Amino acid sequence: MTRCATIRSTVDRPDAIAEAIKPDNTTEMDTAVDGDAIVTSIERDSTAGLRSTVDDYVVNLTVALEVARTANRHATNDEPINT
């Protein structure tokens, strides 16, 4: 039996974020842009595998969003970056 999860994330610049995370997708994953959201579907053969893949995806998405926010702050100079 196949286990499935669909994760829908509404973000700024979904095209850019989707392109940033797609290289980390496995063959069991599909990422697409739907309006202002990124929609990722994941299918795995086991619940443990699905959980692990979803966890990895959420980490990758979080990193991509933080990099985009940092780049945006740097580009607009609205908020200085603390080093």
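Quick note: the coordinates plus some simple rules give every number you see, no bench work behind them. None of these values were measured; they are calculated from a predicted model. Please note: Cβ atoms are built from the backbone with ideal geometry, for glycine as well, and neighbour counts cover all protein chains shown.
Some observations on this one:
- Residues T70 and R13, FRET efficiency given R0 of 22 Å [Cβ-Cβ distance, rounded to 0.05]: 0.95
- Only Cα pairs under 8 Å and 6+ residues apart enter the sum, and on that basis the relative contact order of the chain stands at 31 percent.
- Overall shape of the chain was characterised from the C-alpha gyration tensor. The equivalent ellipsoid obtained from it has semi-axes of 29, 13, 9 Å, in decreasing order.
- Summed residue charge, Cβ within 12 Å of L50's Cβ, Lys/Arg positive, Asp/Glu negative: -2
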